[in-house]
């Protein structure tokens, strides 16, 4: 018995030392319980086992046996098969959600992670040293500050064209207020997303964005902007919503991190549902927003909702249109975007000469001319389109057509070959 080799952990060795002292009457049971961090009742059980079996009585009987919550081989194999078939490029967290919610498997997220690591599907990432940025506390109230941004990405992968997702996320709760797919970032795209947000939640106190040309004037002397504001700034001013622009992406980190999460989760959800166009995706987004907020939204510090209701006088169709001020000529015409609009009115002609009117153009290109907040009747006369047109740099890729490429046998392509083939005059 004395020659038997016993393997003990450090915890069991500590208990063995204490039991020896108790057996030799050099320590009391209360003192032993305090030293080992257990109850006196458990000390009595350990002492009884030590007296019966010696040091072997202090060794755990579960050593070398499978745990009570150990997954069965059948469950592990089923998880492997599902991951390889449907979720090979999913992260462990998202794969765990699908396995438990869609397939009804009872498995922990960490178990899924270990299985994916063992199979070589998921590689643990090294924890990078986070850059130091000044911390900014969340706003207290829902609707006090809403961060907005556009995320261009291959949202439909190779099933459809690339597009941009407009993201509105509340700073206090991390709750998605609006998602909207558009071909590219434009005033009308953000205007439509802002319309949906205001109709659903009300008007927030402020929008927090980057320094995109849609949100602020970046040129020292802007052309064609008499008010010095962009169309989006003017529309939000009419709605009494403040526009704040961040100096760095880190300043609006909440929406930036949301973009990363959406580029992972939303892309895979669209793939599972077989969605490959903007119209169908926009119809699905409310379901995704509800599920996202259920998982990730937090409770704000204050229960006060800072959103304000839309006023009856706030006509969103008019406010969210592109508006420019024009002057009526002595012939009662208005020039706008290479089109002459002839005003039709029963008033004396001198009453409208040199009058200031507002030309409103909606996303469908429908024109409305307002004089003292009232519409004017008109007829249109189109002018020839100019060769050179002003195009916003943000819209250049969308406007630019495929450049002309000469054919392989074009003389321009033969120029270099002729120089190599023909001798150069004056040479030997």
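No lab work stands behind these numbers, since they all come straight from the coordinates. These numbers were taken from a predicted model, which means no experiment stands behind them. Cβ atoms come from the backbone with ideal geometry, glycine included; neighbour counts cover every protein chain shown.
Odds and ends about this structure:
- Efficiency of FRET between residue 123 and residue 347 - r from beta-carbon atoms, R0 60 angstrom, step 0.05: 0.20
- Helix 278-296 and the longest principal axis of the C-alpha atoms of the chain enclose an angle of approximately 40°.
- Helix 10-23 and the longest principal axis of the Cα set of the chain meet at an angle near 30°.
- Cα gyration tensor shape for the range 296-349, rounded if a/c is under 1.5, else prolate or oblate: prolate
- Length released on extending from residue 294 to residue 137, taking residue separation times 0.36 nm less the Cα-Cα span: 54.3 nm
- Binning the alpha carbon pair distances of the range 10-58 at 5 angstrom intervals from zero yields the distribution 5, 25, 38, 27, 6, expressed in whole percent.
- Proxy reagent accessibility, fewest Cβ within 10 Å first, across 70, 245, 322: 70, 245, 322
- Least to most buried among 148, 275 (fewest other Cβ within 10 Å first): 275, 148
- All Cα pairs of the range 73-118, percent lying beyond 11 Å: 63 percent
- Cα pair distances in the range 146-296, grouped into 5 Å bins until the bin that holds the longest one, percent each: 2, 9, 18, 23, 20, 15, 8, 4, 2, 0
- Whether the range 234-327 is rounded, prolate or oblate, judged on the alpha carbon gyration tensor where a/c under 1.5 counts as rounded: prolate
- Calculated SAXS-style log₁₀ I(q)/I(0) at q = 0.14, 0.28 Å⁻¹ - the range 321-382, Debye, Cα scatterers: -0.34, -1.40
- Per residue, the convex hull around the alpha carbon atoms of the chain comes to 360 Å³.
- For the range 82-202, alpha-carbon Rg over 2.2 N^0.38 Å: 1.39
- Neighbour-count order for 128, 44, fewest beta carbons within 10 angstrom listed first: 128, 44
- Tilt relative to the chain, helix 187-201 - C-alpha long axis, 0 to 90 degrees, to 10: 60 degrees
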